[in-house]
Amino acid sequence: MLFDVTNNSLSGSLPQRVAPSVFLTSLSLGSNNLSGRVPAGITQSTQLSKLDLSDNFMLTGTLPDMMWMQGLQELSISNTLISGTIPQSLAQLPYLESVDMHNTLMTCCRSWQEAQAPQPPLLPAFLAFDESNQVSPASQMLGRDPLLNAYMNTGQNMLCQSVRRSPDYQTASTTTVLRPANLSRQSWVVDPEYYWFQQCQCISGYNPHWVDGAAAVWCNPSLHAPNAAAASSCVPMRVLTCVPKPRLAKEEIAG
C-alpha cells in the first residue's frame, strides 16, 4: 500500500504516537510544511520500503532508531532541520539502497576541535570516503528556500570525496545478512558540513577560506519550532568557502 501526499501544503506536526499500517510499503510526505520531530513510530514499520520526509523545512529533532525497518530501501530527509548523527542502525538494514540527507543540520561533531582530533568520528563505522569519486556540493544546494539559503553554504567551486558504504564493514547482526549487491550500489548523499569539510578541496583557481560561525541556522529561533532544542543549541561550525585567487599584476607575470 502506498501513501503519497507530496506537495499538498500540509502543515503542523506529525503525531508522535503514529504507527504505520503493516500493509504500508511507501510513505511520501515530502514538499509540505510539516514541523516538529520525526515520530519514533514511523521507524518501527518492518514493511516500509520508502520513507520520504524531504523538503519540510521546519521538521526538527533527530532520527529515531531505525533497526526495525528491515524492508527499507529508500530514505530521504533532505532540506529539513533534522540534526544529530547518522544512526548506526542504518548499517543493519539489508535492502537499503538510497539515503539522501543533504541540507540538514546533521553533523558528526559538536566543535572544530572534535573534528580535528586524532581519528575524529567524521563518519559512522559502516561508511567511508571514496577518494576516487569527488562530487560538487553546489550540485546539491537548496535553491528552494531563500531563508535557509542565507545560512547554508552552497559549496561552490569545491570538490569533496563522496560517501559510500564501507566494503570492509561487517554487520554485527547474526540474523540479517546484507546482500553483497546492495553494498556496492548503496547511494549516500551527505553534506560536507556533516564531516566539517575535512575531505574537501577548492578547485583550480580558488583558495580555501574558512568562515567561523557561519552556521547560524543552528541557533536562529526563526528557523525552528517554538521551544525546539535546536533553537537554543548553537554549533560553532567552521564553513569552508572557496574564493578566487588574486590575479597577478602584469609585471609579476612578466618577471
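The values are calculated or read from the model by the stated rules, or taken from the named source; none is laboratory data. Because the structure is predicted, anything quoted here is derived from the model rather than measured. With ideal geometry, Cβ positions are generated from the backbone for all residues, glycine too; neighbour counts draw on all protein chains shown. Each accessible area value is taken on the protein alone, full model and side chains, heavy atoms only, with ligands, DNA and RNA left out. Shrake-Rupley method; radii C 1.70, N 1.55, O 1.52, S 1.80 Å.
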Q. Failed condition for V99, given (1) out of contact with any Leu (no Cβ under 8 Å at 6 or more places or on another chain); (2) modelled with pLDDT of 90 or more; (3) of a type in the set (A, V, I, L, M, F, W, C), with all others met?
A. (1)
Q: Please state which of the following conditions P94 fails to meet, knowing it meets all the rest: (1) in contact with a Lys or Arg (Cβ under 7 Å, 6 or more places away or on another chain); (2) not in a loop (DSSP other than H, G, I, E, B).
A: (2)
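For (1) within 22 Å of E131 (Cβ to Cβ); (2) in a loop (DSSP other than H, G, I, E, B); (3) at pLDDT below 90; (4) among the basic types (K, R), each residue gets a yes or a no:
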position	(1), (2), (3), (4)
W188	yes, no, no, no
W196	yes, yes, no, no
P226	no, yes, yes, no
A230	no, no, yes, no
Q | Search result, residues across the stretch 49-76 that are more than 18 Å from P15 (Cβ to Cβ), assigned to a loop (DSSP other than H, G, I, E, B) and open to solvent by less than 30 Å² (accessible area, probe 1.4 Å) | A | S54, D55, M66, M69, G71, L72
(Q) over 21 Å from P137 (Cα atoms) and touching a Ser or Thr at 6+ places or on another chain (Cβ under 7 Å): which single residue out of N32, N103, N8, N56 fits that description? (A) N32
Q. If we scan the stretch 40-48, do we find a residue that is aliphatic (A, V, I, L, M), more than 17 Å from the chain's Cα centre (by Cα), open to solvent by less than 20 Å² (accessible area, probe 1.4 Å) and more than 16 Å from L75 (Cα to Cα)?
A. no
Q. Considering only the stretch 99-131, how many residues are part of a strand (DSSP E or B), within 19 Å of G155 (Cα to Cα) and open to solvent by 10 Å² or more (accessible area, probe 1.4 Å)?
A. 4
Q | Filter result (at pLDDT 80 or above and open to solvent by 30 Å² or more (accessible area, probe 1.4 Å)) within the stretch 13-34 | A | S13, P15, F23, T25, N33
